1. Taking Val215 as meeting all but one of (1) assigned to a loop (DSSP other than H, G, I, E, B); (2) in contact with a helix residue (DSSP H, G or I) (Cβ under 7 Å, 6 or more places away or on another chain); (3) within 16 Å of Val21 (Cβ to Cβ), write down the number of the exception.
2. Residues to consider are Gly154, Gly165; find the one that is on the phi > 0 side of the Ramachandran plot, assigned to a loop (DSSP other than H, G, I, E, B) and free of Cβ contacts under 8 Å to residues at least 60 places away in the same chain.
3. Could you say which residue among Ser146, Ser132 is among the hydroxyl-bearing types (Ser, Thr, Tyr), out of contact with any Cys (no Cβ under 8 Å at 6 or more places or on another chain) and under 23 Å from Asp69 (Cα atoms)?
4. Name the one entry in Asp69, Asp92 that is modelled with pLDDT of 90 or more, among the acidic types (Asp, Glu), surrounded by 14 or more Cβ atoms within 10 Å (Cβ to Cβ) and under 30 Å from Gly115 (Cβ atoms).
5. With Val195, Val161 as the choices, which residue is of a type outside the set (S, T, N, Q), at pLDDT 95 or above and either under 20 Å from the mean Cα position of the chain (by Cα) or closer than 30 Å to Arg16 by Cβ (or both)?
6. So, in the stretch 95-137, of the ones that are assigned to a strand (DSSP E or B) and of a type in the set (Ser, Thr, Tyr), which residue ends up surrounded by the most Cβ atoms within 10 Å (Cβ to Cβ)?
7. Can you say whether Glu220 is of a type outside the set (Lys, Arg), modelled with pLDDT of 95 or more and at negative phi, as far as the supplied structure shows?
8. Being in a strand (DSSP E or B) and either small (Gly, Ala, Ser) or not assigned by TED's automatic domain parsing to the domain that holds Ala10 (or both) is the filter here; which residues of the stretch 218-240 pass it?
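The values are calculated or read from the model by the stated rules, or taken from the named source; none is laboratory data. Note that the structure is a prediction, hence the values are computed from the model and not measured. We place every Cβ from the backbone using ideal geometry, glycine too, and count neighbours over all the protein chains shown.
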Amino acid sequence: MTAAAALDPAVVAALRGARRVMVLTGAGISAESGIPTFRDALTGLWANFDAEDLATPEAFARQPAVVWDWYASRREAIRRAQPNAGHRALVDLARWVPRVTLVTQNVDGLHQRAGSADVWELHGNILRSRCSREGVVVDDPPPGPSPPPCPRCGAPLRPDVVWFGEVLPFAALAAAEDAAATCEVLLSVGTSNLVVPAASLPWMAAARGATVIVVNTTAEGQRHGPAIHHALGPAGTVLPALVAAAWPE
């Protein structure tokens, strides 16, 4: 199905009539801003490393400087990136729908920079750091060694992201599950819907009667059903067209 399928009258009508919309975003929407996906980020100096070997508490305990420096290189790339038309379309969506719950698996903060409010981050935010001992968040760590010490207790700071083997933040996951259970439309954007627990959210919503609109550049992870619609195309093209069709100005 092509991106134009997102403009199917039934899909547009469902979105226009919804008072509660959940949006679930993944790496695909950020890729359009030039941010490589998690595993694609292993290039250059990091080409000989395995992402899953770096993104664990055990790796940080074993080689904290290596893990910190890898995340520092990713932070620099993210700071240079800018929100794209897909991010901005979700800001526009919130102007028209009384309640939009935006849940992201991305750690880049681009939704907030685009202007979205009340973003639930399932995997944390790479632009923040937190104390590896006390968990206190530090927005702008002081310059120093790799990793820098916590300004409160001196323990090493770590990226404020969820590593393999760690649980998702309770409040974000609870908000996501509540939104999936109560929304009338769920937009799944730039994610294959293969990695649980986030992968289960669109199908939970569909089972409860919501219209699910899957926007992605590949057919990976697709499911089918009377209330599930697929739009194959980039978020930066599909989302602006969908919002404009629902609320022409």
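1. Unmet condition: (1).
2. Selected residue: Gly154, the only one of Gly154, Gly165 that is on the phi > 0 side of the Ramachandran plot, assigned to a loop (DSSP other than H, G, I, E, B) and free of Cβ contacts under 8 Å to residues at least 60 places away in the same chain.
3. On the way: Ser132 fails: out of contact with any Cys (no Cβ under 8 Å at 6 or more places or on another chain).
Only one candidate passes the filter, namely Ser146.
4. Asp92
5. Val161
6. Applying the filter and picking the extreme gives Thr104.
7. Answer is no for this residue.
8. In the first step, residues of the stretch 218-240 are kept if they are in a strand (DSSP E or B); the result is 225, 228-232.
Hits for the stretch 218-240 are Gly225, Ala231.
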